[in-house]
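Some notes on the structure that comes next.
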Amino acid sequence: SAPTAEVGDLVVITDAAVIIDGDRIAWSGPADEAKAALDTLHTQLAAPRSADAEIHNGEIAAVSGIETIDLGGKAVIPGFVDSHNHLIFAGDRSAEFAARMAGEKYSAGGIATTVAATRAAGDEELEANLVHLLDQATRQGTTTFEVKSGYGLTLDGEIRALDIIGRHTPESTLMAAHVIPPEHKADPEAYVSLIIDEIIPASVGKAKWIDVFCETGAFDEDQTRRIIEAGKAAGLLPRLHANQLTEGGALRLGAELGCVSVDHATFASDADLATLAEAGTVVTLLPGVEFSTRQPYPDVRRYLAAGVSVAIASDCNPGSCFTNSLPFCIAVAVRDMHFTVDQAVWAATAGGAHALARTDVGHLGAGARADLVVLDAPSYRHLAYRPGVQLVDQVFSGGELVA
Ligand code: NIG
Ligand code: FE
């Protein structure tokens, strides 16, 4: 069904069939109704239908050419919508992770390490790294990717990141406001001006979104407000990194600024949640970050009780969380953040679509993009029930088998 704001409101059809036409889902429903649906569709579709097309349980039928696939009872879910990623970078921070697991605390300071390595890297290396990570995520069932800039932190460095991102996904985010780069440490306002006066104007037509890391040690609320307002004035859609490390005012600011999503929200007061629910701002929770930084897991039951709509994303990045597996994030969300399995699967599909203001992905209703994941399991519940097991069997993106 089309995504709704009801977190966990999964439509589950036992013995289902899906009819794909080109890159779109033409119909989905009970398998025993598929033949009639195909007849009806046939009259509306240009492609001729072969006389004796047969529909089996759990089958995917491609109407153009009537190629049929019998999935033998395997579960089919929408492709995951990963609405938060930092994938344009070079270098390795595994030593920082190991030190953290040995007791060090995560801080935004590590970002500078990646900025130095990224600035030193060529375009080909950055693009190859992106493609490698996207391919990995595809094999984990992700079919929609948001990707942020934010490790260049110069006009040229941010724009080249957006150019590379734009060759691979329409969900591109300008995150020049990630941290204050080393050369501007003495005069952070000069960097804020560079973002507002030069980087934002140059990103128009290249970025869909603007994001700011609103946090102690990154950008304060006043700077965040000015950068987001400038981005909005340039036509970019706003989102925020909010309350990842401290319980500041970033979540309320995100609601006030009309952000589509506020992400992390590791710390959130009841007043924050009430404000976000009232504004209709999506809260994107990032279970892999709490896992990889040993921060406390937020309890989603409190967020849902406040009436907030939540999404789950990976936040794949070299520092705070280097997983790009949404099955892993779903398992952690269920185990440690008290999502029900249904809520977690919804949040990583329909929820991610909400967080990206998309209605054509994250569900399998007629008209949606034909982005489907076939699980090597009889139920979507196995995603949390069998953590760490490769259950993603086949992945279709726009009707094409891609993994
Ligand atoms: O979403 N919070 C800021 N940005 C990333 C981490 C970036 C890094 O550590 O390199 C995040 O957690
Ligand atoms: Fe992030």
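No lab work stands behind these numbers, since they all come straight from the coordinates. Note that the structure is predicted; figures quoted are calculated from it, not measured. Methodologically, a virtual Cβ is constructed for each residue, glycine included, from the backbone with ideal geometry; neighbour enumeration extends over all protein chains shown.
Per-residue Cβ neighbour counts within 10 Å put Cys329, Cys259 in the sequence Cys259, Cys329, beginning with the fewest. Cβ crowding within 10 Å, taken as a proxy for footprinting-reagent exposure, orders Lys185, Lys148, Lys35, Lys208 from fewest neighbours to most as Lys185, Lys35, Lys208, Lys148. If you look at the Cα atoms of the range 299-403, you get an Rg and a Dmax of 14.0, 40 Å. Label 7 Å along Cα→Cβ of Lys232; the range 339-372 residues with amide nitrogen under 18 Å? Zone members listed by number: 355-357.
The phi-based Karplus calculation (6.51 cos²θ - 1.76 cosθ + 1.60; θ = phi - 60°) puts the 3J(HN,Hα) values of the range 117-127 at 5, 5, 4, 7, 8, x, 4, 4, 5, 5, 5 Hz, whole numbers, x for Gly and Pro.
Residues Ile196, Ile330 in ascending order of nearby Cβ atoms (within 10 Å, fewest first): Ile196, Ile330. Global size of the range 72-120: 17.0, 50 Å for Rg and Dmax (C-alpha atoms, Rg to one decimal, Dmax whole). Under 5 Å between amide hydrogens, built in the peptide plane, is the criterion, and for Gly29 it picks out Ala17 among residues at least 5 positions away or on other chains. Couplings 3J(HN,Hα) for the range 363-371, derived from phi with the Karplus relation 6.51 cos²θ - 1.76 cosθ + 1.60 (θ = phi - 60°), are 8, 10, x, 3, x, 5, 4, 7, 10 Hz, where x marks Gly and Pro. Across the range 80-355, Cα-Cα pairs farther apart than 23 Å form 48% of the total. Think of it as helices only: each DSSP H run of n ≥ 4 in the chain is worth -39500 (n - 2.57), and spread over all residues that comes to -9500 deg cm²/dmol at 222 nm.
When +1 charges are put on Lys and Arg Cβ atoms and -1 charges on Asp and Glu Cβ atoms, the dipole computed for the chain relative to its Cα centre reaches about 420 debye. Projecting the Cα atoms of Ala331, Ala255, Ser203 onto the dipole axis of the range 80-355, where Lys and Arg carry +1 and Asp and Glu carry -1 at the beta carbon, places Ala331 farthest toward the positive end.
A viscosity of 1.306 mPa s and a temperature of 10 °C, combined with the Kirkwood radius over Cα pairs in Stokes-Einstein, give a translational diffusion coefficient for the range 165-299 of 104 µm²/s. Residues whose amide H comes within less than 5 Å of that of Asp21, counting only those at least five positions distant or on another chain, are Ala26, Val63 (H built at 1.01 Å from N in the peptide plane).
Positive end of the dipole of the chain (Cβ unit charges, origin at the Cα centre): among Ile164, Ile228, Ile69, the Cα lying farthest that way belongs to Ile228.
Debye-formula intensities of the range 116-223, expressed as log10 I(q)/I(0) at q = 0.18 Å⁻¹, are -0.89 (one equal scatterer per alpha-carbon, no solvent).
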